[in-house]
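Below is one structure, written out as structure tokens; comments come after it.
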Amino acid sequence: MFDQCQRSYGLEPYPLLHSVKMRAMQKHLRFHIIGAIAAGLLAACGGGESDGGNDLPPALSIQKVDGRYHTGKQAAITTFKSHEAPANLQVGRIDLPALAAEKSTALPEPFGARRIGEAREIASTASPALLADQLHWSVAADGSQHAAIRVQAEAAFGLRLGLLIEQLPDAALLRLYHDQNEDEAYEVSGSSINALLALNAEAGDTSAAGRTWWSPNLGGDHVVLELELPAGVMPQALQIALPTLSHIFTDLSQYSEEEASGSIEKAIGDAESCNQDVSCYRTGQEQRDAVARMQFVASDGKSYLCTGTLLNDAIASDIPYFLTANHCIGTQAEASSLQTDWFLRTASCSSAAIDSRHTVRGGGARLLVSTTGTQGYDATLLVLNDAAPAGTYLAGWDANQNNTVQAIYGIHHPAGDLAKISGGQLVSYASCNGSGSCSTEGSDSDNYYAVSWASGTTEGGSSGSALFSSSGHVLGTLYGGAASCSAQQAPDFYGRFDKAFAAGMNRYLAASERPL
């Protein structure tokens, strides 16, 4: 009966569901980033199409594009590099107490991204002068100068340092690691950070949020920030502050050895029990390779989770276009903080192991087009600053007006969990006012689709995920709704892709030649 119900709503399970032996997961994450961002990128904006829209090539009269696996080359440089801290390196310390209980709880909401981190002020390093007082520079044999500071927040599951950049030499190097004796460190150049923040400035954000670089989340309750200046560059040339960090209070880690041994069952997230493992279904086999879990920081320093999807374009350019919701990412500064998890799913149906291809990437993204729920579609189109990982899929899309009452499915990361699949029907058009109030008494001119689930559901963290037709084409992006395991047929609402496409996304996705 269960299988028949799923088949009737477009989900086709595998005939044999095999479990595999639990095994320990990789102990730390790998990040990849393109070292330099092209200086000629067009300016981004927080709504509508970019200011450079008039300079874009004309759009083709194409309303539907099929998906395909991308053929672009990967970035050759990993930002985890071999590391040996100088023997005379002096490390300062910042220690923060545990986060107050009322601030470390994410309340479920029917509309909105899932909050996983709280902003915390650091008074002792809030200005460049105060941070400089905490740094003790030492000179290495090659003449380079090094200083470091260790930041710890009790009981945190991860930290993202918010570095306010007033002046940063391009030749500077920043490294992040847990302990000085580690042989690898996350490394990023001053030029890469400056290029990323230049996107914020080009988008008109010269506020403190626009001048803040957010370090990646390496997991754990502490991190060491090491600064390196080349020979001949004086520490006075470095004008940065550390006024805040984002304290991750949700455990996003992979399984521990004890958990992987079979004695403890633990989901990465906290998804409801009716959610369906995407690895158990033939439906969406390709589309799942386009889906990523998103982690980002808002202007107030709080961290959030959403879901996004890679999109193909009309000329098969391999540009990593990435679709999500505006209520997830609606500003360039938020886009610059983006960190993505790819292939974050079980290795096989009901397995306790994670797909061996799981990859985490930093580097942020550039905001191209974004419309709020109030404006109409709650959709954002980004282009990733780093290349999409090998083996990812570029989802197809359908910008025609789609009829209601058709089988659909969604692939998403509810509560930040491993990828899940939900199947059901598109039941009506809907109107939403941008503040979480929607009506299904709509007409074909309304900007949203209402969906009813027959299997699975959505939760916080699913926001921004794509709605797929039975043919695997994107029809919309998740705005929110009332669906849950106890109320599967309560409606969820998706911003219509055809509306967002006509409002400016076509200038990129249907461009007659490469627009970027």
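When only residues in region 56-90 that are part of a strand (DSSP E or B) and buried (at least 16 other Cβ atoms within 10 Å of the Cβ) count, which is modelled with the lowest pLDDT? That would be Phe80.
Once region 346-359 is narrowed to residues that are touching an Asp or Glu at 6+ places or on another chain (Cβ under 7 Å), closer than 15 Å to Pro13 by Cβ and part of a loop (DSSP other than H, G, I, E, B), the residue that is modelled with the lowest pLDDT is Ser350.
With the checklist (1) within 30 Å of Ala483 (Cβ to Cβ); (2) crowded, with 20+ Cβ neighbours inside 10 Å in hand, flag the one item Ala147 doesn't pass. Condition not satisfied by Ala147: (1). Please enumerate the residues belonging to region 342-356 that are touching a helix residue (DSSP H, G or I) at 6+ places or on another chain (Cβ under 6 Å) and either buried (at least 24 other Cβ atoms within 10 Å of the Cβ) or aliphatic (A, V, I, L, M) (or both). Listed by number, the list holds a single entry, Arg345. Take the residues of region 91-112 that are assigned to a loop (DSSP other than H, G, I, E, B) and modelled with pLDDT of 90 or more: which is surrounded by the most Cβ atoms within 10 Å (Cβ to Cβ)? Out of the qualifying residues, it is Leu99.
Within region 458-481, take every residue that is among the hydroxyl-bearing types (Ser, Thr, Tyr) and in contact with a Pro (Cβ under 8 Å, 6 or more places away or on another chain) and give me the one that is surrounded by the fewest Cβ atoms within 10 Å (Cβ to Cβ). The extreme case among them is Thr458. Taking (1) in contact with a Ser or Thr (Cβ under 7 Å, 6 or more places away or on another chain); (2) of a type in the set (Gly, Ala, Ser); (3) without any contact (Cβ under 8 Å) to a residue 40 or more places away in the chain in turn, Gly219 satisfies each apart from (3).
Here the condition is being surrounded by fewer than 20 Cβ atoms within 10 Å (Cβ to Cβ), in contact with a strand residue (DSSP E or B) (Cβ under 6 Å, 6 or more places away or on another chain) and closer than 24 Å to Met505 by Cα; of Ser445, Ser431, it holds for Ser431 alone. Any idea which residue in region 237-266 is modelled with the highest pLDDT, counting only those that are crowded, with 16+ Cβ neighbours inside 10 Å and under 18 Å from Cys349 (Cβ atoms)? Ranking the candidates gives Tyr255 first. Taking the listed residues Gly363, Gly391, the one that is surrounded by fewer than 24 Cβ atoms within 10 Å (Cβ to Cβ), in contact (Cβ under 8 Å) with a residue 40 or more places away in the chain and at positive phi is Gly391, with no other qualifying. It is to be established whether one or more residues within region 376-383 are within 26 Å of Asp444 (Cβ to Cβ), of a type in the set (Val, Ile, Thr) and not in a strand (DSSP E or B). No, region 376-383 contains no residue that is within 26 Å of Asp444 (Cβ to Cβ), of a type in the set (Val, Ile, Thr) and not in a strand (DSSP E or B). When only residues in region 405-428 that are assigned to a strand (DSSP E or B) and of a type in the set (Gly, Ala, Ser) count, which is surrounded by the most Cβ atoms within 10 Å (Cβ to Cβ)? Here the answer is Gly410.
Is it true that Arg150 is of a type in the set (Lys, Arg), more than 25 Å from the chain's Cα centre (by Cα) and either under 26 Å from Thr250 (Cβ atoms) or not in a strand (DSSP E or B) (or both)? For Arg150, the condition - of a type in the set (Lys, Arg), more than 25 Å from the chain's Cα centre (by Cα) and either under 26 Å from Thr250 (Cβ atoms) or not in a strand (DSSP E or B) (or both) - is met.
Only one of the numbered conditions (1) under 25 Å from Ile248 (Cβ atoms); (2) at pLDDT 95 or above; (3) of a type outside the set (Val, Ile, Thr); (4) part of a loop (DSSP other than H, G, I, E, B) is violated by Asp386, and that is (2). Flag set for Arg366, criterion: basic (Lys, Arg) and assigned to a strand (DSSP E or B).
One residue alone among Leu131, Leu173 is within 18 Å of Gly362 (Cα to Cα) and of a type outside the set (D, E, K, R), and that residue is Leu173. For region 164-174, the count of residues that are part of a strand (DSSP E or B), buried (at least 20 other Cβ atoms within 10 Å of the Cβ) and not aliphatic (A, V, I, L, M) is zero.
The values are calculated or read from the model by the stated rules, or taken from the named source; none is laboratory data. Quick caveat: nothing in here was measured; it's all calculated off a predicted structure. No Cβ is skipped: glycine too gets one built from the backbone with ideal geometry, and neighbour counts run over all protein chains shown.
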